[in-house]
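**Student:** Have a look at this one before I ask anything.
The values are calculated or read from the model by the stated rules, or taken from the named source; none is laboratory data. Everything quoted here is computed from the prediction, not taken from an experiment. No Cβ is skipped: glycine too gets one built from the backbone with ideal geometry, and neighbour counts run over all protein chains shown. SASA here: full protein model, heavy atoms, side chains in, ligands and nucleic acids out. Shrake-Rupley method; radii C 1.70, N 1.55, O 1.52, S 1.80 Å.
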Amino acid sequence: KLSRYLETLEACKPALDWIEEVSLNDPQVAWDTCPDPRWLIWVTEKHQGKPGWPTRQEVVLTACGCAEMSLHLVPADEVRPRLAIATARRWAEGKATFEECRQAVIYAVDAANAVHSTSRAAYIAAYAAAYAVDTVFAVYRAAGAAYHAADAIGLSGGDFYKALADMADIVRKRLYIGEISL
């Protein structure tokens with residue numbers, strides 16, 4: 001059963017509750033209908049490095065796509081979050097180093113701190129960019145990029161849950177579920 005399999009991976013209670021509530025046992029159907037990008041990213045993280053599952057580079061690019069959804073909330077003259085995401089994208093293409101990514105994380109965090117006093121949404125959006133770059137070092141940070149982007153959108157008056165749903169679509173377009181034996 002899918003819920004038991006996810007329990008062995010230590011899935012969060014809300015994800016397990018959702019699986020039970022909609023009575024899902026087919027991993028592909030669960031993937032195709034999951035409303036939360038964090039859960040989708042989490043399952044790819046749990047299978048990182050296994051054949052047939054997304055690569056770290058694919059997860060990094062997905063985190064960038066999620067974080068970019070909230071960049072419009074960062075003032076246009078604050079370019080560090082955008083540059084951080086560009087650095088993560090270059091890393092995924094084999095064109096940036098780990099050191100460049102480390103610096104990009106620092107710059108995105110500095111940008112977040114710089115805009116904090118003017119807009120909490122911009123602050124959180126800049127952090128989404130930092131999380132996207134940090135995915136280079138820790139795959140689980142991709143879920144943080146998605147959450148922070150949705151949170152920033154919600155803080156700016158947008159619909160947090162619609163933002164999560166839109167990001168779940170981004171995840172599904174860029175990532176895929178590998179084989180799961182129940």
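**Student:** If you place +1 on the Cβ of every Lys and Arg, -1 on the Cβ of every Asp and Glu, and leave all else neutral, what size is the dipole of the range 1-146 about its Cα centre, to the nearest 20 Debye? Provide the component values of the computation, followed by the final result.
**Tutor:** On the way: 15 positive and 18 negative charges, 62 e Å.
Around 300 debye, computed over the range 1-146.
**Student:** If you don't mind, another one. For the chain, what does -39500 (n - 2.57) per DSSP helix run (n ≥ 4), summed and divided by total residues, give at 222 nm, in deg cm²/dmol to the nearest 500?
**Tutor:** Values: 10 runs with 122 residues, N = 182.
Value at 222 nm, helices only: -21000 deg cm²/dmol.
**Student:** If you roll a 1.4 Å probe over the heavy atoms of the protein chains, what accessible area per residue do you get for the range 6-111, in Å²? All intermediate terms of the calculation are to be shown ahead of the outcome.
**Tutor:** Details: 5320 Å² over 106 residues.
For the range 6-111, the per-residue accessible area is 50 Å².
**Student:** With volume of the Cα convex hull per residue in Å³ as the read-out, I listed (i) 105; (ii) 185; (iii) 165; which label goes with the value calculated from this structure?
**Tutor:** Correct label, based on the coordinates given: (i).
**Student:** Starting at the first residue of the range 160-167, write each ³J(HN,Hα) from the Karplus equation 6.51 cos²θ - 1.76 cosθ + 1.60 with θ = phi - 60°, in whole Hz, x for Gly and Pro.
**Tutor:** Once rounded to whole Hz, the list reads 3, 6, 5, 4, 4, 4, 4, 6.
**Student:** How large a share of the accessible area of the range 52-179, in percent, is made up of carbon and sulfur atoms when the probe is 1.4 Å and the other protein chains stay in place?
**Tutor:** On the way: 3010 of 5640 Å².
Within the range 52-179, the accessible surface is 53 percent carbon and sulfur.
**Student:** Any idea how far apart residue 5 and residue 57 come out in nm if each label point goes 7 Å out from Cα toward Cβ?
**Tutor:** 2.8 nm
**Student:** Spelling out what I want: for every residue of the range 119-129, take phi, set θ = phi - 60°, compute 6.51 cos²θ - 1.76 cosθ + 1.60 (Karplus), and round to whole Hz; glycine and proline get x.
**Tutor:** 7, 5, 5, 5, 4, 5, 5, 5, 5, 4, 5
**Student:** For residue 32 and residue 12, calculate 0.36 nm times their separation in residues minus their Cα-Cα distance, and state this gained length in nm to one decimal.
**Tutor:** Extra length from residue 32 to residue 12 when fully extended: 5.3 nm.
**Student:** How much length is gained on full extension from residue 159 to residue 182, taking 0.36 nm per residue of separation minus their Cα-Cα distance?
**Tutor:** Contour length minus the Cα-Cα distance gives 4.7 nm.
**Student:** Sticking with this one: Label residue 113 and residue 46 with points 7 Å out from Cα along Cα→Cβ: what is the distance between them in nm?
**Tutor:** It works out to 3.6 nm between the two label points.
**Student:** Along the range 97-114, what does the Karplus equation 6.51 cos²θ - 1.76 cosθ + 1.60 (θ = phi - 60°) give for ³J(HN,Hα), rounded to whole Hz, x for Gly and Pro?
**Tutor:** Coupling constants for the range 97-114: 8, 4, 5, 4, 5, 4, 4, 5, 4, 4, 5, 5, 5, 4, 5, 4, 5, 5 Hz.
**Student:** Could you tell me which trypsin sites (Lys or Arg not before Pro) in the range 1-84 are loop residues by DSSP with no more than 11 other beta carbons within 10 angstrom of their beta carbon? Intermediate results must be reported in sequence, preceding the final value.
**Tutor:** Values: sites: 1, 4, 38, 46, 56, 82; in loops: 1.
Passing sites in the range 1-84 are 1.
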